[in-house]
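The values are calculated or read from the model by the stated rules, or taken from the named source; none is laboratory data. Here the structure is a predicted model, which means the values were calculated and not measured. Here Cβ is always computed from backbone atoms with ideal geometry, including for glycine, and neighbour counts include all displayed protein chains. Calculation scope for accessible area: heavy atoms of the full protein, side chains included, ligands and nucleic acids excluded. Shrake-Rupley method; radii C 1.70, N 1.55, O 1.52, S 1.80 Å.
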Amino acid sequence: MTDALTLFDDVLPPETPVANRLLQVRTVYAEPAAAASPRGRQVLARFPGAELVEVPSHWQIPDLHGNEGNVDRWVRVKTETLVLGVKKSLSARPNGRSANWIAPSTANGCAMACAYCYVPRQKGYANPITVFTNIDQITGYLRRHVARQGSKTEPDQCDPESWVYDLGENSDCSVDALVSDNVADLVATFRTLPTAKASFATKYVNRQLLELDPQGRTRLRFSLMPQSDATVLDVRTSKVGERIAAVDDFVAAGYEVHLNLSPVVLREGWEADWTALLQQLDDELSDDAKAQAAAEVIMLTHNEGLHEVNLGWHPQAEDLLWRPELQQPKVSQNGQVNVRYRNDVKRAGVDRLQQLIRQHAPWLHVRYAF
Ligand code: SF4
């Protein structure tokens, strides 16, 4: 084991140490090549008090597993641990819903702890942030992939003109941007790609992103739900009101800002609370923000394994999430058996929410709802 600062103190770039309640990092597990890379050294410099522990592979860190039932332990792991690795295989996967393509990840894992989170728990239940340090290879791959697509000739639900690449399938980019400049490099990459656009959903307001000058080529999707649901489910995230209050600033800073209305949780009183949320958006967003806004609506999906784990630490969340009388099994694209609202329940919920949007936020175009 080696102290992160003493190992590299002759070559560290100047970095401001991260001071954030989500990330009080004490240990950085790193593949040697990742730790020695410029991006790895940047991360280490942002957490100068952390101990560096070299690991042969970012997939093989036994210390991070086995904390399913122990919420104190896994929140501590999320807060106090980072992982540095090198992303080996790079590919963009076709999507077609929110984005045309899922970009190769530049991070996985998350420091937040939403009770319904579907991000694969690849490093134990805690699943702390792993930063992939070979960012130049990843942005180079993306540039070539975008070039191969040519221009988009037909509008689709992702975007009328640009090929959309989702950056944040396995992490939350706003928090990732606290840890390294990977997100800044991605925003800068897409700034120069007139046929493509980056996109990520987020539940965290990181105002440092306002400095990145995306010039309209990055779409940030603030995830929203009524605060009464978020208080129970969106553990460690920014408050919903704070996310809404940030929309105008991100539009002014050059982002396209969409709204990710998800997950929609059906429970007694949900229509009244969503109505209040839509009215708040109508009252608070500027005309500029409304003119460019669009939304996706996604009804809750859950699964039995997560239900069992959550019962051990956060049973109130399961009162909202686990409703067998309303739900049916569903096999997801990755083969996992999930549950979602029964077809009739889901259809009625989607229809009702779209009706509420037409009534209270008629400027909000719904790109898709399911
Ligand atoms: S912010 Fe996103 S990735 Fe992080 S825990 Fe919540 S749902 Fe999962």
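Structure notes:
- Heavy-atom surface of region 67-167, accessible at 1.4 Å and reported per residue (Å²): 41
- Principal axes of region 140-273: Cα extent on each, largest first, Å: 49, 34, 27
- Take region 232-346 with all the other protein chains still there, run a 1.4 Å probe, and you get 43 Å² of accessible area per residue.
- Residue pairs, from the table 88/239; 87/203; 78/290, whose Cα atoms sit over 30 Å apart: 88/239; 78/290
- Highest-MSF residue in the chain out of 49, 140, 85 [GNM, Cα springs under 10 Å]: 140
- Top of 149, 215, 24 by mean-square fluctuation, Gaussian network on the chain, Cα under 10 Å: 149
- Heavy-atom surface analysis with a 1.4 Å probe gives the chain a carbon and sulfur content of 49 percent of its accessible area.
- Choice from 166, 283, 249 showing the highest fluctuation, given a GNM over the chain with Cα pairs closer than 10 Å: 283
- Values of log10 I(q)/I(0), in the order q = 0.10, 0.15 Å⁻¹, for the chain under a Debye, Cα-only, solvent-free model: -0.64, -1.44
- Within the same chain, lysines fewer than 8 places from residue 152 are excluded, and of the rest, those with a Cα less than 18 Å from its Cα are 197.
- The distance from the alpha carbon centre of region 308-370 to that of region 165-218 is 27 Å, rounded to a whole number.
- A 1.4 Å probe over all protein chains sorts 189, 195 by accessible area into 195, 189, starting with the largest.
- Cysteines without a disulfide-compatible neighbour (Cβ-Cβ under 4.7 Å), the chain: 110, 158, 173
- For the chain, the antiparallel share of DSSP beta bridges with both residues in that region comes to about 30%.
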